[in-house]
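A short write-up of the structure that comes next.
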Number of protein chains: 2
Amino acid sequence: MSLAARRRTRRELADGREIIYFDDHAAPPREAVDTRDLGERALAGELRRDALTGDWVAIAGHRLHRTFLPPKDECPLCPSGRGTVPSEIPESDYDVVVFENRFPSFSAHAEEGAGTAYGMFEHVPAHGRCEVVCFTSDHEASFASLPASRVRTVIEAWADRTSELGRQPGVEQVFCFENRGQEIGVTLHHPHGQIYAYPFVPSRTQSLLTEARRHHDRTGRLLGADILTAERRDGSRMVLEGRHWSAYVPYAARWPVEVHLAPHRDVPDLVALDGAERDELAEVYLDLLGRLDRYHPSPDGSPLRLPYIAAWQQAPVHVGRDVSRLHLQVMSVLRAPGKLKYLAGSESGVGGWVNDVPPERIAARLREVGG
Amino acid sequence: MSLAARRRTRRELADGREIIYFDDHAAPPREAVDTRDLGERALAGELRRDALTGDWVAIAGHRLHRTFLPPKDECPLCPSGRGTVPSEIPESDYDVVVFENRFPSFSAHAEEGAGTAYGMFEHVPAHGRCEVVCFTSDHEASFASLPASRVRTVIEAWADRTSELGRQPGVEQVFCFENRGQEIGVTLHHPHGQIYAYPFVPSRTQSLLTEARRHHDRTGRLLGADILTAERRDGSRMVLEGRHWSAYVPYAARWPVEVHLAPHRDVPDLVALDGAERDELAEVYLDLLGRLDRYHPSPDGSPLRLPYIAAWQQAPVHVGRDVSRLHLQVMSVLRAPGKLKYLAGSESGVGGWVNDVPPERIAARLREVGG
């Protein structure tokens, strides 16, 4: 399916939040009106600087009241008209839809005030944006069960949002991700991801950037490219190699299941991917997610649906674009059926990671469960 | 009770691991012999450098087989002779006991090889040490239920281990911590903590050090001291103030429940605390833990036993000792009874922390539930 066949429709929800439909097939015009009385739009809170580490922390008190594992007929991500209450999506069907989170950690509408810095206490409004990306109108589906043409539409949506959010004033980093599974804290079962537009470069992204800069200064090459070359040459942690993408378990994997997916060409972000790369990404990502769902043998033979975090590492908006290289990191806390890895004292207290599973063993299993 | 009344007895377990008894009352000599046939001592694995971030990650394959929530009569931390199988502690009773972890992430006995660095792949043996600290022989107790005299003995044990492990060749950081509660992944219910001696400065400790150095270069003062002064002056996040110690919720708290406990005097680590400071620490830490257990109203009125990570931030062994300042960080994932905070996409993917609870609200609650 060509790009031209896709349609993008921008609308507004009852409280003024933006909603954008990305249709991958012929569909009626997206004209439904949000008739809910949502009252005042929720504001984002504030960003506080942690003097001990220099990191920014978003303080978002209202999120305590966000929707938590609602019954299926009250799912806010299903199309309206299917459940007992109107949902966040006014239309009666959709392909892919993106809208501003009702309970945002970051928003153009944040608590007033220019921020203050007195002594150790520095804060600014939590400007930025939090968006929800619904991958399908089918409540029971999962990303891994989508057809490649739909994944292709999701990729278009991610690239669209990366481009558009990166042009908003004050946005420094656009982060597309999916949290999947109750084990990682997902509060809505409907297949969806999120996009955060941060008004700062988050600390882990900053660490990636620092090392990439150091490597580039020393060698003149991109760190991400050298890692990919080294992994493909070594082979012991490779999972799959396509024409434009390869997946491997990183040499120093932190999670009991972790895999990185990187393009063969040097690109800073999803926006820079060409059509052929996007087409193949849809295929190889589905391949990878299928392997992840087959990773742990399920005790009763039913599909396990591995909980995971899928995190797109993109170049920051304004800095380090010359040394950053796009890649996807997918990681799971599930060590074995019923056994989770926790980020306890060593990881959360001092940042000392311990992985009980050798990366080569993870890779061997991911190769073994290829479709 | 004076220090002189405490007794320290060093012994060896059947596989050569060290075990040290710290007795806080008159007790028979600790002479029991470990009669188990433990076979070969488990080796630690290797440390791999994550080229993307520069962090070291411990790869410890054998830990997958470690003891996981055993039945009470097989508890490896109870004294021997009480259960069906001999435990890790040969004696039939003890006050506080420290021994080398049977499944260590770091050990003087690590897999052979001097380490290699080729291309992107650099590793070294995971030298260092992992110790278990049993706070009491009473399986059903918790740290918060200990008498102050026992806590005082635990403090002696922490200081002893910090001093001794810091003198071992290659150790760069000694980290005393307690993980409490299944919600944070505790696999043994018996009240215990751990001590990790890392052969590197872990990444979060390094972040604290970098900011402390920056602040010192700019002001000539200790960052930790300036934060404590600012919190005591502001007052809105104070929890308790003693003669030698104060507890406050940090301005940019990351966790739904988080509290820091800091000495009034500038000290780099637990070893540097004087007798009066250690005496008061026992009292205020018990006070604080009592508040934490009363933090969330329990649905049925029974004590909730808040899950927590208690993490002692000490100066590294060889660097930054002139700018580091001892403090304890206690944090919990429990947002509300039955509701956890997860370190999902934003935190784990890019290091962007979101806290749904304003720090001032955490502090108000901790003041409210004072004993």
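The values are calculated or read from the model by the stated rules, or taken from the named source; none is laboratory data. Here the structure is a predicted model, which means the values were calculated and not measured. Here the Cβ is made from the backbone with ideal geometry for all residues, glycine too, and neighbour counts use every protein chain on show. Keep in mind that these areas ignore ligands, DNA and RNA; they rest on the heavy atoms of the full protein, side chains included. Shrake-Rupley method; radii C 1.70, N 1.55, O 1.52, S 1.80 Å.
Identify, from the list B:Arg232, B:Arg291, the residue that is basic (Lys, Arg), more than 8 Å from every other protein chain (Cβ to nearest Cβ) and over 16 Å from B:Leu328 (Cβ atoms).
B:Arg232 is the lone residue from the list that is basic (Lys, Arg), more than 8 Å from every other protein chain (Cβ to nearest Cβ) and over 16 Å from B:Leu328 (Cβ atoms).
Return only the number of the condition from (1) closer than 24 Å to B:Asp279 by Cβ; (2) open to solvent by less than 10 Å² (accessible area, probe 1.4 Å) that B:Ala197 does not satisfy.
(1)
Considering the range B:303-336 alone, what residues qualify as being more than 13 Å from chain A (Cβ to nearest Cβ), surrounded by fewer than 21 Cβ atoms within 10 Å (Cβ to Cβ) and on the phi < 0 side of the Ramachandran plot?
Passing the criteria: B:Pro303, B:Leu304, B:His318, B:Val319, B:Arg321, B:Asp322.
Return only the number of the condition from (1) free of Cβ contacts under 8 Å to residues at least 24 places away in the same chain; (2) part of a loop (DSSP other than H, G, I, E, B) that B:Ala252 does not satisfy.
(1) is the only condition that B:Ala252 fails.
Residues that are under 25 Å from B:Leu208 (Cβ atoms) and touching a Leu at 6+ places or on another chain (Cβ under 6 Å): find the strands (runs of 3 or more DSSP E) completely inside the range B:326-371 holding 2 or more of those.
B:327-332
In the range A:305-339, which residues are over 21 Å from the mean Cα position of the chain (by Cα) and aliphatic (A, V, I, L, M)?
A:Val323, A:Ala336
Quick one: is B:Arg167 more than 9 Å from chain A (Cβ to nearest Cβ), basic (Lys, Arg) and surrounded by 22 or more Cβ atoms within 10 Å (Cβ to Cβ)?
In short, no.
Hey, which of the strands (runs of 3 or more DSSP E) in the range B:1-61, taking only ones fully inside, have at least 1 residues that are at pLDDT 90 or above, under 30 Å from A:Ser324 (Cα atoms) and in contact with a strand residue (DSSP E or B) (Cβ under 9 Å, 6 or more places away or on another chain)?
B:46-49, B:56-59
Checking the condition touching a helix residue (DSSP H, G or I) at 6+ places or on another chain (Cβ under 6 Å) and open to solvent by 20 Å² or more (accessible area, probe 1.4 Å), which residue from B:Arg204, B:Arg233 passes?
B:Arg204
Considering A:Gly115, A:Gly128, which residue is touching a Pro at 6+ places or on another chain (Cβ under 7 Å) and either at pLDDT 95 or above or among the basic types (Lys, Arg) (or both)?
It is A:Gly128.
In the range B:82-104, what residues are in contact with a helix residue (DSSP H, G or I) (Cβ under 7 Å, 6 or more places away or on another chain) and either more than 18 Å from B:Pro70 (Cα to Cα) or within 14 Å of another protein chain (Cβ to nearest Cβ) (or both)?
B:Asp95, B:Val96, B:Val98, B:Phe103
Would you tally the residues in the range A:341-366 being within 7 Å of another protein chain (Cβ to nearest Cβ) and closer than 30 Å to B:Gln329 by Cα?
Number of matching residues: 15.
So which residues in the range B:306-323 are assigned to a loop (DSSP other than H, G, I, E, B) and in contact with an Asp or Glu (Cβ under 8 Å, 6 or more places away or on another chain), if there are any at all?
B:Leu306, B:Pro307, B:Gln314, B:Ala315, B:Pro316, B:Val317, B:His318, B:Val319
Out of A:Asp300, A:Asp269, A:Asp287, which single residue is over 27 Å from B:Met120 (Cβ atoms) and open to solvent by 10 Å² or more (accessible area, probe 1.4 Å)?
Being over 27 Å from B:Met120 (Cβ atoms) and open to solvent by 10 Å² or more (accessible area, probe 1.4 Å) holds for just one of A:Asp300, A:Asp269, A:Asp287, which is A:Asp300.
For the range B:228-249, how many residues meet the condition of being without any contact (Cβ under 8 Å) to a residue 24 or more places away in the chain and in a loop (DSSP other than H, G, I, E, B)?
Looking only at that region, the number is 1.
Give the residues of the range A:27-57 that are open to solvent by 40 Å² or more (accessible area, probe 1.4 Å), within 14 Å of chain B (Cβ to nearest Cβ) and among the hydrophobic types (A, V, I, L, M, F, W, C), sorted by residue number.
Selection gives A:Leu43, A:Trp56.
When you scan the range B:170-211, how many residues do you find that are within 30 Å of A:Gly338 (Cα to Cα), part of a loop (DSSP other than H, G, I, E, B), within 10 Å of another protein chain (Cβ to nearest Cβ) and at pLDDT 95 or above?
Residues meeting the conditions: 1.
Are any residues in the range A:120-159 within 14 Å of another protein chain (Cβ to nearest Cβ), open to solvent by 10 Å² or more (accessible area, probe 1.4 Å), outside any strand (DSSP E or B) and touching an Asp or Glu at 6+ places or on another chain (Cβ under 8 Å), and if so, which ones?
Scanning the range A:120-159 gives a single hit, A:Met120.
Give the residues of the range B:272-284 that are surrounded by fewer than 20 Cβ atoms within 10 Å (Cβ to Cβ) and not in a helix (DSSP H, G or I), sorted by residue number.
Selection gives B:Asp274 alone.
Would you check which residues across the range A:218-229 are open to solvent by less than 20 Å² (accessible area, probe 1.4 Å) and at the interface with chain B (Cβ under 7 Å from one of its Cβ atoms) and list them?
Passing the criteria: A:Leu223, A:Ile227.
Tell me which of these A:Pro86 doesn't satisfy, since it passes every other one: (1) touching a residue at least 12 places away in the same chain (Cβ under 8 Å); (2) surrounded by fewer than 22 Cβ atoms within 10 Å (Cβ to Cβ); (3) within 20 Å of the chain's Cα centre (by Cα).
With (1) touching a residue at least 12 places away in the same chain (Cβ under 8 Å); (2) surrounded by fewer than 22 Cβ atoms within 10 Å (Cβ to Cβ); (3) within 20 Å of the chain's Cα centre (by Cα) applied to A:Pro86, the lone miss is (3).
With the requirement that a residue be among the charged types (D, E, K, R), over 21 Å from the mean Cα position of the chain (by Cα) and open to solvent by 10 Å² or more (accessible area, probe 1.4 Å), what does the range A:236-264 give you?
Hits for the range A:236-264 are A:Glu241, A:Arg243.
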